[in-house]
Amino acid sequence: MRSTVMSLGSVLCLSIAGLLFAADTISGTWTGEWGPNAIERSQVVAQLKYDGKAVTGTFNTGSNPATISKGTFNEKTGVIHLEADARGRTGARNHYVIDGKLDKRTITGTWKYEKGNGDFTISMQ
């Protein structure tokens, strides 16, 4: 009887730990590319952190990293919405709106800002 209770307790603890780990499927380093069309592409590295309520972090294309000022993630649908700010080449502030969807270990979606838009694909490293 005692071993059955201990076994059930172990299974329950492992199940809860698995659920907690699975809930945070976006925290970490993501790499991929983004651009305004299929020919003009830039490499991007994203550092994302999800605390269960908000997504924070950065997108970096090599010159001026964009800092996420607002981010949400729907764990049930895999939809992610980010707003990020970065300095452009001329020093002007650019505000990016990034929308994507998580499918397994890849997020694909679109981005836009005052001067353009495009798409992106990043994968968890």
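The values are calculated or read from the model by the stated rules, or taken from the named source; none is laboratory data. Computed from a prediction, not measured in an experiment: that's the story for all the values here. With ideal geometry, Cβ positions are generated from the backbone for all residues, glycine too; neighbour counts draw on all protein chains shown. The protein model used for the area step is the full one, side chains on, heavy atoms only, and it has no ligands, DNA or RNA in it. Shrake-Rupley method; radii C 1.70, N 1.55, O 1.52, S 1.80 Å.
Here are a few things to note about the model shown:
- Taking the stretch 79-106 as the range and being loosely packed, with under 13 Cβ neighbours inside 10 Å and assigned to a loop (DSSP other than H, G, I, E, B) as the test, the residues that pass are ARG89, THR90, GLY91, ALA92, LYS104.
- Annotation note: Cβ proximity below 6 Å between a residue of the stretch 70-97 that is without any contact (Cβ under 8 Å) to a residue 40 or more places away in the chain and a residue that is among the hydrophobic types (A, V, I, L, M, F, W, C) and open to solvent by 20 Å² or more (accessible area, probe 1.4 Å) (sequence gap 6+ or interchain) occurs for GLY71/ALA54; GLY78/LEU102; GLU83/VAL97; TYR96/TRP111.
- Just one of (1) in a strand (DSSP E or B); (2) open to solvent by 70 Å² or more (accessible area, probe 1.4 Å) fails for GLY109. It is (2).
- Selection from the stretch 63-78 of residues that are touching a strand residue (DSSP E or B) at 6+ places or on another chain (Cβ under 7 Å) and open to solvent by 70 Å² or more (accessible area, probe 1.4 Å): THR67, SER69, LYS70
- Residues that are of a type in the set (S, T, N, Q) and under 17 Å from the mean Cα position of the chain (by Cα) were ranked within the stretch 75-106; the one that is nearest to VAL45 (Cα to Cα) is THR106.
- Residue satisfying condition, being in a loop (DSSP other than H, G, I, E, B) and at negative phi, within set SER63, SER123, SER69: SER63
- Some residue of the stretch 17-25 being modelled with pLDDT under 95, open to solvent by less than 40 Å² (accessible area, probe 1.4 Å) and not in a strand (DSSP E or B): yes
- Qualifying positions in the stretch 107-125 - hydroxyl-bearing (Ser, Thr, Tyr) and within 16 Å of ARG41 (Cβ to Cβ): THR108, THR110, THR121, SER123
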